[in-house]
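The values are calculated or read from the model by the stated rules, or taken from the named source; none is laboratory data. The shown structure was predicted, so the numbers you read here are calculated from the model rather than taken from an experiment. Please note: Cβ atoms are built from the backbone with ideal geometry, for glycine as well, and neighbour counts cover all protein chains shown. Calculation scope for accessible area: heavy atoms of the full protein, side chains included, ligands and nucleic acids excluded. Shrake-Rupley method; radii C 1.70, N 1.55, O 1.52, S 1.80 Å.
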Amino acid sequence: MTVEIVIPVWNEQERLPRGLPRLAAFLATHAAWDWEIVIVNNGSTDRTEAVAEQLSREHAGVRVLNLPAKGRGGALKAAWQNSAAEVLSYMDVDLSTGLEALPTLVAAVAEQGYDLATGSRLLPGSRTRRNWRREVTSRCYIRLAQAVLGTRLSDTQCGFKAIARQAARELLPQVEDTAWFFDTELLVLAERQGWRIREVPVCWEEDADSRVQVWRTAVADLRGLLRLRRRLARAGGRWRAQVNR
């Protein structure tokens, strides 16, 4: 079993040298499968590319993919669509999601027959530390997504996922968003089409140096919700969700 772990980065010359070695050390100690880390540099304007290339020389099992355009969703699509790994995953460079949940996330796809596994900060057993503004914004968005899209998922935004290669190849061409709404769109499309989804409780701690522009992202996500709702309404059909926690 080969697992590819993608880390999308944009102007992360400071955080990348802190997060990548931690991830590589964790995998070397805890991974029961072959693995490769892919740093996807998407449109950085600082020294991120040079830093990523240096880290790939210093750590075995690490390679770099450079893309001209900014956007987390676009970075994931580019990396996953061309991967030969059986299980494809990703996490944010700040490692806000505790790595102790990674073996459970991967095992859901690699061993338990799920097509997609996603971290959730709102399940029993999850622990989250972040400022109240982001907490309120995130919870309101999730409630809105549940109301607008009818999703049963408890957390559509956590940057911590694993997906089977076949599911990725069928779902990724359908995902239109190339930025932050990518996560919600991927999950909801998978849920609508009956792919088996496992939600995994995680420990999540906010990074004070986050690159997320909360209000701008919130507006873009609201537009994404309305677009996806119209798309699903045109498609029709009943939900065939198989979400397990």
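Structure values in brief
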quantity: In nm, spacing of pseudo-spin labels at His59 and Arg216 (7 Å Cα→C-beta vector); calculated: 2.8
quantity: HN-Hα J in Hz across the range 229-236 - Karplus 6.51, -1.76, 1.60, θ = phi - 60°, x for Gly and Pro; calculated: 4, 4, 5, 5, 5, 5, 6, x
quantity: Residue-normalised accessible area of the chain, expressed per residue, 1.4 Å probe, Å²; calculated: 46
quantity: Helix-only [θ]222 nm of the chain, DSSP H runs n ≥ 4, -39500 (n - 2.57) each, per residue, nearest 500; calculated: -13500 deg cm²/dmol
quantity: Charge tally in the Cβ shell below 10 Å around Ile37, where Lys, Arg are +1 and Asp, Glu are -1, Ile37 excluded; calculated: -1
quantity: Dipole-positive endmost among Thr45, Leu232, Val64 within the chain (Cβ charges, Cα centre); calculated: Leu232
quantity: Fluctuation leader among Pro201, Pro17, Pro173 - the chain, Gaussian network, Cα springs under 10 angstrom; calculated: Pro173
quantity: Surface share of carbon and sulfur [accessible, 1.4 angstrom probe, percent] for the chain; calculated: 49
quantity: Degrees separating the helix 48-58 axis from the principal Cα axis of the chain, which is the longest one; calculated: 60
quantity: For the range 52-103: rounded, prolate or oblate by the Cα gyration tensor [a/c cutoff 1.5]; calculated: rounded
quantity: Net charge of neighbours whose Cβ lies under 15 Å from the Cβ of Trp204, counting Lys and Arg as +1 and Asp and Glu as -1; calculated: -3
quantity: Table column - 3J(HN,Hα) (Hz), the range 104-118, Karplus curve with 6.51, -1.76, 1.60, x for Gly and Pro; calculated: 5, 4, 5, 4, 4, 8, 6, 10, 9, x, 7, 7, 8, 10, 9
quantity: Restricting the range 134-168 to trypsin sites (Lys or Arg not before Pro) in coil, as DSSP defines it, with at most 15 other Cβ within 10 Å; calculated: Arg152
quantity: Most fluctuating residue given options Ala235, Ala145, Ala85, as computed from a GNM of the chain linking Cα atoms under 10 Å; calculated: Ala235
quantity: Charge tally in the Cβ shell below 14 Å around Glu86, where Lys, Arg are +1 and Asp, Glu are -1, Glu86 excluded; calculated: -3
quantity: Acute angle (nearest 10 degrees) that the helix 132-149 long axis makes with the longest principal axis of the chain, alpha-carbon atoms; calculated: 50
quantity: The chain: angle of helix 72-81 to the longest principal axis, Cα-based, in degrees nearest 10; calculated: 80
quantity: Whole-number Å³ per residue for the convex hull built on Cα positions in the chain; calculated: 115
quantity: Separation in nanometres of the label points that stand 7 Å from Cα toward Cβ, at Ala32 and Ala179; calculated: 4.1
quantity: Filtered GluC sites (Glu not before Pro), the range 29-125: DSSP coil and at most 14 other beta carbons within 10 Å; calculated: Glu111
quantity: Residue among Val64, Val106, Val136 with the largest mean-square fluctuation in a Gaussian network model of the chain, springs linking Cα atoms under 10 Å; calculated: Val136
quantity: Under 5 Å, built H, 5+ apart or other chain: amide partners of Asp34; calculated: Val3
quantity: Inter-label distance for Gln81 and Asp46, nm, one decimal - labels placed 7 Å from Cα along Cα-to-Cβ; calculated: 2.9
